[in-house]
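Student: Here you go, one structure.
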């Protein structure tokens with residue numbers, strides 16, 4: 001069945017989606033933290049980018065995750081190597097443009113990115129997704145940083161019952177600048193598993209804050225008891 005899907009992908013207009021589905025079996029487990037219930041997988045995308053996927057389960061409401069993401073001032077306290085975040089434009093409750101600065105170890109230059117995020121909720125499963133894509137020319141470049149031309153991120157929050165939510169954090173990107181230097185290659189290989197692991201580990205601690213757990217949004221439907 002998988003071979004049939006792969007052959008169809010090569011011939012049809014759904015090439016990208018089907019190729020990605022066929023490549024899903026290539027995920028390699030890199031981190032398995034039993035006490036924290038965090039698993040991190042890595043693979044290489046069809047475009048040659050290292051890609052990560054972090055999976056965990058957290059006891060929380062769905063609205064709490066939305067509140068956590070809307071609190072951009074606090075994001076550097078839990079998201080991996082995020083030094084600065086600010087909202088550039090809130091188009092709606094579901095669409096936001098944000099500017100981020102990512103700190104890198106010396107002698108690498110810090111990176112910045114502009115990301116357009118789209119929030120959706122499945123009316124049947126109640127799964128909430130937040131998909132982000134880079135729009136590198138949305139604002140002028142800052143000479144202090146290297147602009148990331150490619151950022152693709154995907155978050156999903158799926159209620160499993162008993163107030164337990166499965167959290168999946170997936171992404172890849174192009175850090176821009178010189179990718180051939182040894183230290184850059186080392187950093188990419190290091191961060192491909194560190195980024196989702198430490199981000200999810202910190203999220204476990206951060207999401208329990210009363211201000212997040214008390215959040216309610218008319219555009220988010222919570223799972224029943």
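Student: Residues in the stretch 101-132 that are farther than 18 Å from residue 154 by Cα, assigned to a strand (DSSP E or B) and touching a residue at least 60 places away in the same chain (Cβ under 8 Å): how many?
Tutor: 1
Student: Please enumerate the residues belonging to the stretch 86-116 that are surrounded by 12 or more Cβ atoms within 10 Å (Cβ to Cβ) and under 16 Å from residue 73 (Cβ atoms).
Tutor: The answer is 87, 88, 90, 96, 98, 99, 100, 101.
Student: Only one residue in 115, 91, 85 is modelled with pLDDT of 95 or more and within 20 Å of residue 206 (Cα to Cα), so which one is that? Give the derivation first.
Tutor: Values: 115 fails: within 20 Å of residue 206 (Cα to Cα); 91 fails: within 20 Å of residue 206 (Cα to Cα).
Testing whether each residue is modelled with pLDDT of 95 or more and within 20 Å of residue 206 (Cα to Cα) leaves just 85.
Student: Would you mind telling me which numbered condition in (1) surrounded by fewer than 16 Cβ atoms within 10 Å (Cβ to Cβ); (2) touching a helix residue (DSSP H, G or I) at 6+ places or on another chain (Cβ under 9 Å) residue 28 fails?
Tutor: Single failed check for residue 28: (2).
Per-residue answers, yes or no, for (1) under 17 Å from the mean Cα position of the chain (by Cα); (2) without any contact (Cβ under 8 Å) to a residue 60 or more places away in the chain; (3) over 23 Å from residue 164 (Cα atoms):
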| residue | (1), (2), (3) |
| --- | --- |
| 28 | no, yes, yes |
| 58 | yes, no, no |
| 62 | yes, no, no |
| 67 | yes, no, no |
| 74 | yes, no, yes |
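Student: Cβ-Cβ below 9 Å, separation at least six or inter-chain, first residue in the stretch 135-153 and touching a residue at least 40 places away in the same chain (Cβ under 8 Å) and on the phi > 0 side of the Ramachandran plot, second outside any strand (DSSP E or B) and exposed (fewer than 15 other Cβ atoms within 10 Å of the Cβ): which pairs?
Tutor: From the stretch 135-153, no pairs qualify.
The values are calculated or read from the model by the stated rules, or taken from the named source; none is laboratory data. The model shown is predicted, which means the values in this text are computed figures rather than measured ones. Glycine gets a Cβ as well: all are built from the backbone with ideal geometry, and neighbour counts include every protein chain shown.
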